[in-house]
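Worksheet: one structure, shown below.
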Amino acid sequence: VSVVAPFRVVRQQTGSYPVWLGRRLVERIVEILPELGSSGGVVVLAADGIASSWGETVRTALGREVPFIRVPDSEEKKTVTTVEQIIGTMLEHGVGRDWLAVIVGGGTAGDTAGFAASVFMRGIRFIHVPTTLLAQLDSSIGGKVAVNHRLGKNLIGSFAPPAGVVCDFETLSTLPARELRSGLYEALKAGVLADRKLFDTMVSHRGAILSRDATLETVVAAAIDVKIGIVTMDEREGDRRRLLNYGHTIGHGFETATGYRVITHGDAVGWGMIAANAIARERGILAAPEQTAIDEAILSYDLEPLPPMDRGDVFDAITHDKKFRGGKRVMVLALEIGRCEVFDDVSEKEVELGVDAALGVSARTSSR
Ligand SMILES: NC(=O)c1ccc[n+]([C@@H]2O[C@H](COP(=O)([O-])OP(=O)(O)OC[C@H]3O[C@@H](n4cnc5c(N)ncnc54)[C@H](O)[C@@H]3O)[C@@H](O)[C@H]2O)c1
Ligand SMILES: [Zn+2]
(Lines give C-alpha, C1' and ligand atoms only; values in the text may rest on other atoms or scores of the structure.)
(Ligands and ions follow the chains in the order given, each with its own letter.)
Protein backbone atom coordinates (compact mmCIF):
# COMPACT_ATOMS: atom_id res chain seq x y z
CA VAL A 1 0.00 0.00 0.00
CA SER A 2 1.38 3.37 -1.02
CA VAL A 3 1.58 6.33 1.34
CA VAL A 4 1.43 8.67 -1.66
CA ALA A 5 -2.07 8.99 -3.11
CA PRO A 6 -2.28 8.28 -6.82
CA PHE A 7 -3.81 10.80 -9.21
CA ARG A 8 -5.99 8.06 -10.72
CA VAL A 9 -6.46 4.32 -10.65
CA VAL A 10 -7.02 3.06 -14.19
CA ARG A 11 -9.43 0.15 -14.27
CA GLN A 12 -9.13 -1.93 -17.41
CA GLN A 13 -10.38 -5.44 -18.10
CA THR A 14 -6.76 -6.61 -18.35
CA GLY A 15 -5.88 -5.09 -14.98
CA SER A 16 -6.02 -2.02 -12.74
CA TYR A 17 -3.09 0.22 -11.99
CA PRO A 18 -2.42 3.51 -10.21
CA VAL A 19 -1.01 6.59 -11.94
CA TRP A 20 0.96 9.08 -9.85
CA LEU A 21 1.52 12.64 -11.05
CA GLY A 22 3.72 15.28 -9.51
CA ARG A 23 7.14 16.83 -9.09
CA ARG A 24 10.22 15.05 -7.74
CA LEU A 25 8.37 11.75 -7.60
CA VAL A 26 11.31 9.77 -8.98
CA GLU A 27 13.32 10.59 -5.86
CA ARG A 28 10.47 9.29 -3.73
CA ILE A 29 9.77 6.19 -5.79
CA VAL A 30 10.32 3.81 -2.85
CA GLU A 31 7.79 5.75 -0.78
CA ILE A 32 5.34 5.57 -3.68
CA LEU A 33 5.92 1.87 -4.34
CA PRO A 34 7.19 0.37 -1.07
CA GLU A 35 7.79 -3.02 -2.65
CA LEU A 36 10.69 -1.44 -4.58
CA GLY A 37 12.48 -1.04 -1.28
CA SER A 38 11.72 -4.51 0.08
CA SER A 39 13.81 -7.58 -0.51
CA GLY A 40 12.15 -8.63 -3.77
CA GLY A 41 14.05 -8.53 -7.03
CA VAL A 42 14.00 -5.28 -8.96
CA VAL A 43 15.57 -4.55 -12.35
CA VAL A 44 15.87 -1.10 -13.93
CA LEU A 45 15.40 -0.90 -17.69
CA ALA A 46 16.48 2.60 -18.71
CA ALA A 47 16.29 4.27 -22.12
CA ASP A 48 19.73 4.94 -23.56
CA GLY A 49 19.15 8.68 -23.98
CA ILE A 50 18.39 9.26 -20.30
CA ALA A 51 20.13 6.26 -18.66
CA SER A 52 22.92 8.38 -17.18
CA SER A 53 20.52 11.11 -16.04
CA TRP A 54 17.01 9.99 -15.04
CA GLY A 55 17.97 6.32 -15.09
CA GLU A 56 20.66 7.03 -12.49
CA THR A 57 18.21 9.11 -10.44
CA VAL A 58 15.92 6.08 -10.25
CA ARG A 59 18.80 3.74 -9.44
CA THR A 60 19.99 6.04 -6.64
CA ALA A 61 16.45 6.46 -5.29
CA LEU A 62 16.12 2.68 -4.94
CA GLY A 63 18.92 2.84 -2.39
CA ARG A 64 20.23 -0.64 -3.12
CA GLU A 65 22.17 -2.52 -5.77
CA VAL A 66 19.94 -3.65 -8.61
CA PRO A 67 20.66 -4.78 -12.18
CA PHE A 68 20.61 -1.77 -14.52
CA ILE A 69 20.02 -2.45 -18.20
CA ARG A 70 20.13 0.13 -21.00
CA VAL A 71 17.40 -0.02 -23.62
CA PRO A 72 17.97 1.44 -27.11
CA ASP A 73 15.45 4.19 -27.71
CA SER A 74 15.34 4.83 -31.42
CA GLU A 75 12.39 3.83 -33.58
CA GLU A 76 14.72 1.63 -35.70
CA LYS A 77 15.74 -0.37 -32.62
CA LYS A 78 12.14 -0.95 -31.49
CA THR A 79 12.40 -4.55 -32.69
CA VAL A 80 12.17 -8.17 -31.54
CA THR A 81 15.96 -8.30 -31.86
CA THR A 82 16.25 -5.66 -29.14
CA VAL A 83 13.62 -7.48 -27.07
CA GLU A 84 15.67 -10.66 -27.30
CA GLN A 85 18.80 -8.77 -26.22
CA ILE A 86 17.01 -7.28 -23.21
CA ILE A 87 15.71 -10.72 -22.24
CA GLY A 88 19.21 -12.17 -22.60
CA THR A 89 20.67 -9.51 -20.33
CA MET A 90 17.90 -10.02 -17.77
CA LEU A 91 18.69 -13.76 -17.73
CA GLU A 92 22.41 -13.03 -17.26
CA HIS A 93 21.51 -10.86 -14.27
CA GLY A 94 19.43 -13.66 -12.76
CA VAL A 95 16.11 -11.84 -13.10
CA GLY A 96 13.31 -14.21 -12.12
CA ARG A 97 9.57 -14.51 -12.73
CA ASP A 98 8.65 -12.77 -9.47
CA TRP A 99 10.81 -9.71 -10.18
CA LEU A 100 9.58 -6.21 -10.83
CA ALA A 101 10.94 -4.15 -13.75
CA VAL A 102 11.15 -0.37 -13.53
CA ILE A 103 11.08 1.04 -17.05
CA VAL A 104 12.43 4.58 -17.37
CA GLY A 105 12.26 6.57 -20.62
CA GLY A 106 10.10 7.75 -23.49
CA GLY A 107 7.53 5.79 -25.47
CA THR A 108 10.09 3.98 -27.58
CA ALA A 109 11.88 2.40 -24.63
CA GLY A 110 8.57 2.02 -22.79
CA ASP A 111 7.14 -0.01 -25.64
CA THR A 112 10.28 -2.09 -26.19
CA ALA A 113 11.09 -2.82 -22.55
CA GLY A 114 7.40 -3.15 -21.70
CA PHE A 115 6.96 -5.78 -24.38
CA ALA A 116 10.13 -7.56 -23.20
CA ALA A 117 8.77 -7.61 -19.62
CA SER A 118 5.36 -8.80 -20.85
CA VAL A 119 6.85 -11.92 -22.45
CA PHE A 120 9.84 -12.56 -20.14
CA MET A 121 9.04 -15.91 -18.45
CA ARG A 122 5.44 -15.41 -19.64
CA GLY A 123 5.39 -11.95 -18.18
CA ILE A 124 6.80 -10.13 -15.16
CA ARG A 125 5.29 -7.06 -13.52
CA PHE A 126 6.61 -3.68 -14.56
CA ILE A 127 6.29 -0.02 -13.70
CA HIS A 128 6.47 2.80 -16.22
CA VAL A 129 8.42 5.92 -15.36
CA PRO A 130 7.70 7.94 -18.51
CA THR A 131 10.20 10.76 -19.17
CA THR A 132 8.81 12.37 -22.33
CA LEU A 133 5.61 14.38 -22.50
CA LEU A 134 4.23 11.95 -25.08
CA ALA A 135 4.96 8.96 -22.85
CA GLN A 136 3.39 10.67 -19.81
CA LEU A 137 0.10 11.59 -21.44
CA ASP A 138 -0.17 8.84 -24.02
CA SER A 139 2.01 5.75 -24.34
CA SER A 140 2.37 4.83 -20.64
CA ILE A 141 -1.42 4.85 -20.20
CA GLY A 142 -3.71 2.24 -21.73
CA GLY A 143 -1.81 -0.99 -21.18
CA LYS A 144 -0.48 -1.62 -24.67
CA VAL A 145 3.13 -2.42 -25.58
CA ALA A 146 4.57 -3.28 -28.97
CA VAL A 147 7.60 -3.36 -31.22
CA ASN A 148 7.86 -2.83 -34.96
CA HIS A 149 8.03 -5.40 -37.73
CA ARG A 150 9.83 -4.83 -41.02
CA LEU A 151 6.39 -4.49 -42.62
CA GLY A 152 4.98 -1.93 -40.23
CA LYS A 153 4.90 -0.13 -36.90
CA ASN A 154 3.71 -1.79 -33.67
CA LEU A 155 2.77 -5.07 -35.39
CA ILE A 156 4.21 -7.27 -32.61
CA GLY A 157 2.81 -6.54 -29.18
CA SER A 158 0.49 -7.34 -26.35
CA PHE A 159 -2.01 -5.94 -23.91
CA ALA A 160 0.08 -5.63 -20.79
CA PRO A 161 -1.10 -3.21 -18.13
CA PRO A 162 1.73 -1.90 -15.96
CA ALA A 163 1.73 -2.38 -12.19
CA GLY A 164 1.86 1.41 -11.91
CA VAL A 165 2.83 4.60 -13.71
CA VAL A 166 4.95 7.29 -12.06
CA CYS A 167 4.88 10.58 -13.99
CA ASP A 168 7.44 13.00 -12.64
CA PHE A 169 7.06 16.44 -14.25
CA GLU A 170 10.64 17.17 -13.22
CA THR A 171 11.87 14.85 -16.00
CA LEU A 172 10.32 17.16 -18.59
CA SER A 173 12.85 19.87 -17.68
CA THR A 174 15.56 18.19 -19.77
CA LEU A 175 13.33 17.32 -22.73
CA PRO A 176 14.41 18.92 -26.04
CA ALA A 177 11.89 21.50 -27.32
CA ARG A 178 11.03 19.41 -30.35
CA GLU A 179 10.14 16.43 -28.15
CA LEU A 180 8.04 18.67 -25.90
CA ARG A 181 6.12 19.92 -28.94
CA SER A 182 5.63 16.34 -30.13
CA GLY A 183 3.70 15.59 -26.94
CA LEU A 184 1.79 18.86 -27.11
CA TYR A 185 0.13 17.92 -30.42
CA GLU A 186 -1.12 14.72 -28.75
CA ALA A 187 -2.46 16.89 -25.91
CA LEU A 188 -4.29 19.07 -28.47
CA LYS A 189 -5.63 15.84 -29.96
CA ALA A 190 -7.03 14.88 -26.55
CA GLY A 191 -8.68 18.29 -26.29
CA VAL A 192 -10.35 18.02 -29.68
CA LEU A 193 -11.41 14.44 -28.92
CA ALA A 194 -13.10 15.02 -25.62
CA ASP A 195 -12.12 18.10 -23.63
CA ARG A 196 -12.89 21.58 -24.92
CA LYS A 197 -11.56 23.14 -21.71
CA LEU A 198 -8.17 21.50 -22.24
CA PHE A 199 -8.17 22.82 -25.80
CA ASP A 200 -9.04 26.37 -24.65
CA THR A 201 -6.33 26.27 -21.97
CA MET A 202 -3.78 25.30 -24.60
CA VAL A 203 -4.86 28.19 -26.81
CA SER A 204 -4.84 30.82 -24.05
CA HIS A 205 -1.71 29.65 -22.18
CA ARG A 206 0.62 28.81 -25.07
CA GLY A 207 3.59 30.75 -23.71
CA ALA A 208 3.29 29.36 -20.20
CA ILE A 209 2.96 25.82 -21.52
CA LEU A 210 5.98 26.13 -23.80
CA SER A 211 7.98 27.52 -20.89
CA ARG A 212 6.95 24.37 -18.93
CA ASP A 213 5.33 26.12 -15.99
CA ALA A 214 2.59 24.55 -13.86
CA THR A 215 0.04 24.93 -16.67
CA LEU A 216 1.86 22.13 -18.48
CA GLU A 217 1.06 19.90 -15.51
CA THR A 218 -2.65 20.63 -15.79
CA VAL A 219 -2.42 19.82 -19.51
CA VAL A 220 -0.82 16.44 -18.75
CA ALA A 221 -3.46 15.65 -16.12
CA ALA A 222 -6.34 16.57 -18.44
CA ALA A 223 -4.90 14.65 -21.41
CA ILE A 224 -4.36 11.58 -19.22
CA ASP A 225 -7.99 11.78 -18.17
CA VAL A 226 -9.11 11.84 -21.80
CA LYS A 227 -7.00 8.77 -22.55
CA ILE A 228 -8.22 6.94 -19.43
CA GLY A 229 -11.81 7.80 -20.35
CA ILE A 230 -11.40 6.27 -23.78
CA VAL A 231 -9.44 3.14 -22.86
CA THR A 232 -11.76 2.24 -20.01
CA MET A 233 -14.94 3.08 -21.90
CA ASP A 234 -13.65 0.88 -24.70
CA GLU A 235 -14.36 -2.26 -22.74
CA ARG A 236 -18.01 -1.37 -22.43
CA GLU A 237 -18.64 0.23 -25.78
CA GLY A 238 -16.61 -1.80 -28.24
CA ASP A 239 -14.01 -0.07 -30.28
CA ARG A 240 -14.15 3.52 -29.10
CA ARG A 241 -10.42 3.15 -28.63
CA ARG A 242 -10.17 3.86 -32.35
CA LEU A 243 -10.98 7.50 -31.51
CA LEU A 244 -7.38 7.83 -30.36
CA ASN A 245 -6.42 7.55 -34.02
CA TYR A 246 -7.61 11.10 -34.74
CA GLY A 247 -4.82 12.65 -36.83
CA HIS A 248 -3.03 9.31 -37.05
CA THR A 249 -4.29 7.84 -40.35
CA ILE A 250 -2.84 10.51 -42.62
CA GLY A 251 -0.21 11.40 -40.01
CA HIS A 252 1.08 7.86 -40.33
CA GLY A 253 1.33 8.43 -44.09
CA PHE A 254 3.53 11.51 -43.52
CA GLU A 255 5.65 9.63 -41.00
CA THR A 256 6.23 6.67 -43.30
CA ALA A 257 6.82 8.78 -46.42
CA THR A 258 9.58 10.71 -44.60
CA GLY A 259 11.21 7.67 -43.01
CA TYR A 260 10.30 8.22 -39.31
CA ARG A 261 13.30 10.34 -38.46
CA VAL A 262 12.79 13.66 -40.15
CA ILE A 263 9.63 14.62 -38.29
CA THR A 264 8.50 13.61 -34.82
CA HIS A 265 5.43 11.46 -34.30
CA GLY A 266 3.65 14.46 -32.82
CA ASP A 267 4.45 16.67 -35.84
CA ALA A 268 2.98 13.97 -38.07
CA VAL A 269 -0.15 13.84 -35.91
CA GLY A 270 -0.45 17.63 -36.01
CA TRP A 271 -0.44 17.60 -39.81
CA GLY A 272 -2.69 14.53 -39.80
CA MET A 273 -5.30 16.42 -37.76
CA ILE A 274 -5.14 19.35 -40.19
CA ALA A 275 -5.68 16.86 -43.05
CA ALA A 276 -8.59 15.16 -41.27
CA ASN A 277 -10.20 18.53 -40.56
CA ALA A 278 -10.15 19.42 -44.25
CA ILE A 279 -12.08 16.20 -44.94
CA ALA A 280 -14.57 16.91 -42.16
CA ARG A 281 -15.04 20.46 -43.44
CA GLU A 282 -15.61 19.20 -47.00
CA ARG A 283 -18.24 16.77 -45.67
CA GLY A 284 -19.93 19.65 -43.91
CA ILE A 285 -19.71 17.99 -40.49
CA LEU A 286 -17.15 20.47 -39.07
CA ALA A 287 -17.99 24.17 -39.15
CA ALA A 288 -15.43 26.51 -40.70
CA PRO A 289 -14.72 28.51 -37.50
CA GLU A 290 -14.08 25.28 -35.57
CA GLN A 291 -11.74 24.00 -38.28
CA THR A 292 -9.85 27.29 -38.25
CA ALA A 293 -9.61 27.26 -34.44
CA ILE A 294 -8.19 23.73 -34.36
CA ASP A 295 -5.76 24.24 -37.23
CA GLU A 296 -4.51 27.54 -35.80
CA ALA A 297 -4.02 26.05 -32.35
CA ILE A 298 -1.90 23.28 -33.85
CA LEU A 299 0.15 25.68 -35.99
CA SER A 300 0.57 28.07 -33.05
CA TYR A 301 2.71 25.46 -31.26
CA ASP A 302 5.43 26.07 -33.86
CA LEU A 303 4.43 23.11 -36.00
CA GLU A 304 7.30 22.56 -38.40
CA PRO A 305 6.50 22.57 -42.12
CA LEU A 306 6.45 19.12 -43.66
CA PRO A 307 9.70 18.20 -45.41
CA PRO A 308 9.60 17.43 -49.14
CA MET A 309 8.05 14.03 -49.75
CA ASP A 310 6.62 11.87 -52.49
CA ARG A 311 2.83 12.23 -52.46
CA GLY A 312 2.56 8.67 -53.79
CA ASP A 313 4.49 7.32 -50.79
CA VAL A 314 1.99 9.01 -48.48
CA PHE A 315 -0.96 7.28 -50.17
CA ASP A 316 0.88 3.95 -50.29
CA ALA A 317 1.43 4.12 -46.55
CA ILE A 318 -2.20 5.04 -45.90
CA THR A 319 -3.64 2.38 -48.14
CA HIS A 320 -1.02 0.00 -46.69
CA ASP A 321 -1.56 -2.71 -49.12
CA LYS A 322 -2.82 -2.87 -52.64
CA LYS A 323 -5.97 -4.73 -51.67
CA PHE A 324 -7.31 -1.64 -49.93
CA ARG A 325 -7.03 0.34 -53.16
CA GLY A 326 -10.33 1.78 -54.20
CA GLY A 327 -11.83 0.76 -50.89
CA LYS A 328 -12.99 2.90 -48.01
CA ARG A 329 -10.79 4.00 -45.14
CA VAL A 330 -11.59 4.23 -41.47
CA MET A 331 -10.83 7.71 -40.15
CA VAL A 332 -11.62 9.76 -37.09
CA LEU A 333 -13.15 13.12 -37.96
CA ALA A 334 -13.91 16.04 -35.68
CA LEU A 335 -17.50 17.30 -35.42
CA GLU A 336 -16.56 20.12 -33.08
CA ILE A 337 -13.86 20.86 -30.51
CA GLY A 338 -14.43 18.20 -27.84
CA ARG A 339 -16.30 15.73 -30.04
CA CYS A 340 -15.02 13.33 -32.71
CA GLU A 341 -16.43 10.26 -34.37
CA VAL A 342 -15.11 7.19 -36.20
CA PHE A 343 -16.14 7.03 -39.89
CA ASP A 344 -15.59 3.84 -41.87
CA ASP A 345 -16.53 5.24 -45.27
CA VAL A 346 -13.79 7.71 -46.13
CA SER A 347 -13.04 7.48 -49.84
CA GLU A 348 -9.67 7.57 -51.52
CA LYS A 349 -10.63 10.92 -53.03
CA GLU A 350 -11.29 12.36 -49.60
CA VAL A 351 -7.94 11.07 -48.32
CA GLU A 352 -6.30 12.82 -51.26
CA LEU A 353 -8.12 16.02 -50.47
CA GLY A 354 -6.92 15.84 -46.86
CA VAL A 355 -3.31 15.12 -47.78
CA ASP A 356 -3.26 17.95 -50.30
CA ALA A 357 -4.86 20.36 -47.85
CA ALA A 358 -2.15 19.64 -45.26
CA LEU A 359 0.63 19.89 -47.86
CA GLY A 360 -0.90 23.21 -48.99
CA VAL A 361 -1.01 24.66 -45.47
CA SER A 362 2.54 23.43 -44.90
CA ALA A 363 3.79 25.11 -48.09
CA ARG A 364 2.13 28.38 -47.02
CA THR A 365 3.61 28.26 -43.49
CA SER A 366 7.11 27.55 -44.78
CA SER A 367 7.03 30.50 -47.15
CA ARG A 368 5.99 32.90 -44.39
N1 LIG B 1 1.92 1.93 -26.30
C2 LIG B 1 1.16 2.91 -26.67
O3 LIG B 1 -0.05 2.94 -26.37
C4 LIG B 1 1.75 4.04 -27.45
C5 LIG B 1 1.01 5.22 -27.63
C6 LIG B 1 1.62 6.27 -28.31
C7 LIG B 1 2.93 6.16 -28.77
N8 LIG B 1 3.61 5.00 -28.58
C9 LIG B 1 5.01 4.85 -29.05
O10 LIG B 1 5.83 5.82 -28.42
C11 LIG B 1 6.99 6.03 -29.22
C12 LIG B 1 7.36 7.50 -29.20
O13 LIG B 1 7.70 7.86 -27.88
P14 LIG B 1 8.35 9.27 -27.52
O15 LIG B 1 7.69 10.33 -28.31
O16 LIG B 1 8.36 9.33 -26.05
O17 LIG B 1 9.82 9.17 -28.13
P18 LIG B 1 11.17 8.48 -27.63
O19 LIG B 1 10.95 7.48 -26.58
O20 LIG B 1 11.85 8.03 -28.87
O21 LIG B 1 11.98 9.70 -27.01
C22 LIG B 1 12.40 10.77 -27.83
C23 LIG B 1 13.81 11.20 -27.47
O24 LIG B 1 13.82 11.89 -26.23
C25 LIG B 1 14.83 11.38 -25.37
N26 LIG B 1 14.38 11.57 -24.00
C27 LIG B 1 13.45 10.86 -23.33
N28 LIG B 1 13.20 11.43 -22.13
C29 LIG B 1 13.99 12.52 -22.04
C30 LIG B 1 14.19 13.51 -21.05
N31 LIG B 1 13.47 13.55 -19.93
N32 LIG B 1 15.12 14.47 -21.26
C33 LIG B 1 15.83 14.48 -22.43
N34 LIG B 1 15.68 13.59 -23.40
C35 LIG B 1 14.76 12.60 -23.21
C36 LIG B 1 15.01 9.96 -25.81
O37 LIG B 1 16.29 9.48 -25.48
C38 LIG B 1 14.80 10.06 -27.32
O39 LIG B 1 15.98 10.42 -27.97
C40 LIG B 1 6.65 5.49 -30.60
O41 LIG B 1 7.42 4.34 -30.84
C42 LIG B 1 5.17 5.15 -30.52
O43 LIG B 1 4.81 4.05 -31.30
C44 LIG B 1 3.05 3.96 -27.92
ZN1 LIG C 1 0.19 9.17 -31.36
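Structural remarks
- Just one of (1) more than 16 Å from ligand 2 (Cβ to nearest atom); (2) modelled with pLDDT of 95 or more fails for His149. It is (2).
- Among the residues of the stretch 129-146, the ones that are open to solvent by less than 20 Å² (accessible area, probe 1.4 Å) and within 16 Å of ligand 2 (Cβ to nearest atom) come to 11 in all.
- Selection status of Glu290, free of Cβ contacts under 8 Å to residues at least 60 places away in the same chain, open to solvent by 60 Å² or more (accessible area, probe 1.4 Å) and acidic (Asp, Glu): no
- Residue match in the stretch 55-63 (condition: out of contact with any His (no Cβ under 6 Å at 6 or more places or on another chain) and in contact (Cβ under 8 Å) with a residue 60 or more places away in the chain): yes
- Test: residue in the stretch 250-259 that is within 11 Å of ligand 1 (Cβ to nearest atom) and open to solvent by 40 Å² or more (accessible area, probe 1.4 Å): yes
- Pairs, first under 12 Å from Gly114 (Cα atoms) and assigned to a helix (DSSP H, G or I) in the stretch 130-143, second modelled with pLDDT of 95 or more and among the small types (Gly, Ala, Ser), C-beta under 7 Å, six or more apart: Ser139/Gly107; Ser139/Gly110
- With respect to (1) at pLDDT 95 or above; (2) within 16 Å of ligand 1 (Cβ to nearest atom), the lone exception for Glu235 is condition (1).
- Test: residue in the stretch 159-177 that is within 13 Å of Val220 (Cα to Cα), open to solvent by 10 Å² or more (accessible area, probe 1.4 Å), in a loop (DSSP other than H, G, I, E, B) and touching a helix residue (DSSP H, G or I) at 6+ places or on another chain (Cβ under 9 Å): no
- Listed by first and then second residue, the pairs with beta-carbon distance under 6 Å, at least 6 apart or on different chains, first residue in the stretch 16-29 and over 17 Å from Pro162 (Cα atoms), second open to solvent by 10 Å² or more (accessible area, probe 1.4 Å), are Arg23/Phe169; Arg23/Glu170; Arg24/Glu170; Glu27/Ala61.
- Yes/no for Asp313 being more than 16 Å from ligand 1 (Cβ to nearest atom), in a loop (DSSP other than H, G, I, E, B) and acidic (Asp, Glu): no
- Selected residue (criterion: farthest from ligand 2 (Cβ to nearest atom)) from residues of the stretch 66-114 that are hydroxyl-bearing (Ser, Thr, Tyr) and not in a loop (DSSP other than H, G, I, E, B): Thr89
- Filtered by the rule that a residue be within 11 Å of ligand 1 (Cβ to nearest atom) and aliphatic (A, V, I, L, M), the stretch 156-183 gives Ala160, Leu172, Leu175, Ala177, Leu180.
- Positions within the stretch 268-287 being in a loop (DSSP other than H, G, I, E, B) and either in contact with a strand residue (DSSP E or B) (Cβ under 6 Å, 6 or more places away or on another chain) or at pLDDT below 90 (or both), in sequence order: Ile285, Leu286
- Candidates in the stretch 243-267 are the residues that are hydrophobic (A, V, I, L, M, F, W, C) and not in a helix (DSSP H, G or I); of these, the one that is modelled with the highest pLDDT is Ile263.
- Considering residues of the stretch 28-65 that are assigned to a loop (DSSP other than H, G, I, E, B) and polar (S, T, N, Q) only, the residue most open to solvent (accessible area, probe 1.4 Å): Ser39
- Count of residues meeting criterion [surrounded by 24 or more Cβ atoms within 10 Å (Cβ to Cβ), among the polar types (S, T, N, Q) and within 14 Å of ligand 1 (Cβ to nearest atom)] in the stretch 260-281: 0
The values are calculated or read from the model by the stated rules, or taken from the named source; none is laboratory data. What you are looking at is a predicted structure, and each value in this text was computed from that prediction instead of being measured. Cβ atoms come from the backbone with ideal geometry, glycine included; neighbour counts cover every protein chain shown. All accessible areas refer to the heavy atoms of the entire protein, side chains included, with ligands and DNA or RNA removed. Shrake-Rupley method; radii C 1.70, N 1.55, O 1.52, S 1.80 Å.
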